[in-house]
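All of the numbers you see were taken from the coordinates with simple rules; none came from a lab. Just so it is clear, the structure is predicted and the values come from calculations on it, not from any experiment.
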Amino acid sequence: MATQLFDLTGKIALVSGASRGIGEEIAKLLAEQGAHVIVSSRKIDDCSAVAEGIRQAGGSAEAFACNVGNMEQIAQLFAHIQKTHGKLDICVNNAATNPYFGHVLDTDLGAYNKTVEVNIRGYFFMSIEAGKLMRDHGGGAIVNTASVNALQPGPMQGIYSITKAAVVNMTKVFAKECAPFGIRCNALLPGLTKTKFAGALFSNDDIYKIAVQGIPMGRHAEPSEMAGTVLYLVSDASSYTTGECIVVDGGMTI
């Protein structure tokens with residue numbers, strides 16, 4: 001149910017990587033506040049399940065499959081948004097990949113290319129297409145899901161950490177250059193969050209202990225804990241149109 005502070009009624013929101021985990025929780029919360037949510041991920045069946053759950057809960061949603069590592073699929077997604085809705089108010093770039101978990105010296109070209117194509121190129125061109133629609137319709141909000149690994153590389157997560165650091169600086173570029181169009185751009189840096197995506201960190205007790213050591217509360221987060229920050233950043237309550245980028249790390253703004 002929309003609140004007086006966070007009312008997204010009439011807003012069109014696109015959430016990538018929304019078939020599970022953090023993206024699913026973001027999609028659900030935006031819909032609860034009145035937005036029509038385009039649930040996007042690689043597999044249409046998974047997207048459809050989340051969209052149907054939102055509709056059954058009284059929200060508005062549709063599913064559209066898109067692999068953000070595929071330029072043609074990005075083009076198809078935004079052609080659909082333009083034709084069906086004519087605008088886009090919110091874009092949450094949450095899809096990501098981490099195909100390699102191991103020592104950085106053992107990273108092969110395939111893992112490197114896949115990580116860069118999704119985590120950097122995908123976010124970049126998703127933001128470009130979203131930004132064009134927002135520019136033509138009075139503004140909007142873009143949020144990129146980065147990671148605490150952008151600030152401190154995670155163990156055995158070399159190329160993934162590198163791409164997430166790039167996402168932070170990419171967000172700053174878009175924030176400064178798109179602010180004159182009324183487009184707010186921010187990055188969310190989740191800490192250790194229990195998702196299927198981060199499964200390798202939870203299946204190894206030694207690595208999990210190392211990851212938790214640097215967390216003040218000594219615990220991991222749940223996906224739902226990330227969604228509230230995104231809601232604030234895309235709502236009218238957050239009126240950051242000065243070209244600044246808010247980076248959030250477990251609730252800490254830097």
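Normalised by the residues of the range 1-89, what does the relative contact order come to in percent, with Cα pairs under 8 Å and at least six apart?
26
Hey, what do the phi angles of the range 118-123 turn into as Karplus ³J(HN,Hα) couplings, whole Hz, using 6.51/-1.76/1.60 and θ = phi - 60°, x for Gly and Pro?
My calculation for the range 118-123 gives 7, 6, 10, 4, x, 4 Hz in order.
Provide the descending list of Cα extents for the range 1-111 along its principal axes, expressed in whole angstroms.
52, 27, 25
Below 8 Å between Cα atoms, with a sequence gap of 6+, how large is the relative contact order for the range 11-160 in percent?
Relative CO of the range 11-160 lands at 23 percent.
³J(HN,Hα) across the range 92-104 via Karplus (A = 6.51, B = -1.76, C = 1.60, θ = phi - 60°), whole Hz, x for Gly/Pro?
10, 8, 10, 5, 7, 9, 9, x, 10, 10, x, 5, 4
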